[in-house]
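As structure tokens, the structure follows; a few thoughts come after it.
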Amino acid sequence: MAKIKIQKKDIWIDMTPMSDVMTLLLCFFMLTSTFLTPEPVQVTAPNSVSEVKIPEQDLLTILVTPEGKIFAGTENKNHMKTMMETMTDKFGVQLNASQEKHFLEDAMVGAPMAQLSTYLNLDPEKMTEAIQTLGLPLDSINGGKSEFQEWVTAARDANPDMKLAIKCDSKTPYATIKKLMSELQDMNENRFQLITNLDVKRLNN
């Protein structure tokens, strides 16, 4: 008796719905993602085993380079604009629309007030080069606050709930960090966090 051969059929799966889902997910993540502005100077934070999460909002980040140069800024551009207006009024610095635009495009402020207008007149490429040699002064102004302290005060005025976080390089001199903390404490800013990289090896030991 002859055997009946069962005809084999190729299995075909319609992947169109899957590609539609992937496209929708891609669009969703692109529309909801927040792209961080690059920091003016790259630093390598020291390692630690602390797992305390740094808040993503209402945060003033204070960046300290290996050379001891100091920058400060927040991701909230409305707060940065308020800080800019407070400081330019206080120091009698006038900025035009183009300069204000350049200021808000920067992730952080790092130019001394005496050089701010000149710095903001530069092309973006030149600004990136120039900021490497600048930094907020820690020296007292006529026995009063330093420019760094004035920026912290302006940030606090812009947002009373602003939290402070210090991000220094692992090679930043201890004397610089000590002076920075002393300036904050002189303003009764005694609560701040240190940004570090998680040392997974030490954490697992």
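List of remarks:
- Selected residue (criterion: nearest to P160 (Cα to Cα)) from residues of the stretch 78-97 that are crowded, with 16+ Cβ neighbours inside 10 Å and of a type outside the set (V, I, T): H79
- Single residue of A97, A130, A107, A111 found to be of a type outside the set (K, R) and more than 25 Å from N159 (Cα to Cα): A130
- When E75, E100 are screened for being free of Cβ contacts under 8 Å to residues at least 60 places away in the same chain, farther than 15 Å from S146 by Cα, over 15 Å from the mean Cα position of the chain (by Cα) and surrounded by fewer than 18 Cβ atoms within 10 Å (Cβ to Cβ), only E100 passes.
- Within the stretch 143-163, none of the residues are of a type in the set (D, E, K, R), modelled with pLDDT under 90 and farther than 18 Å from T88 by Cα.
- Here K101 fulfils each of the conditions (1) more than 19 Å from E75 (Cβ to Cβ); (2) part of a helix (DSSP H, G or I); (3) at pLDDT 85 or above apart from (1).
- So E75, is it touching a Ser or Thr at 6+ places or on another chain (Cβ under 8 Å) and of a type in the set (D, E, K, R): yes
Listed here are the residues, each with its yes/no results for (1) in contact (Cβ under 8 Å) with a residue 40 or more places away in the chain; (2) part of a loop (DSSP other than H, G, I, E, B); (3) under 16 Å from L63 (Cα atoms).
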residue: I131; (1), (2), (3): yes, no, yes
residue: W151; (1), (2), (3): yes, no, yes
residue: T172; (1), (2), (3): yes, yes, yes
residue: E189; (1), (2), (3): no, yes, no
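The values are calculated or read from the model by the stated rules, or taken from the named source; none is laboratory data. All figures in this text were calculated on a predicted structure; none of them were measured in a lab. With ideal geometry, Cβ positions are generated from the backbone for all residues, glycine too; neighbour counts draw on all protein chains shown.
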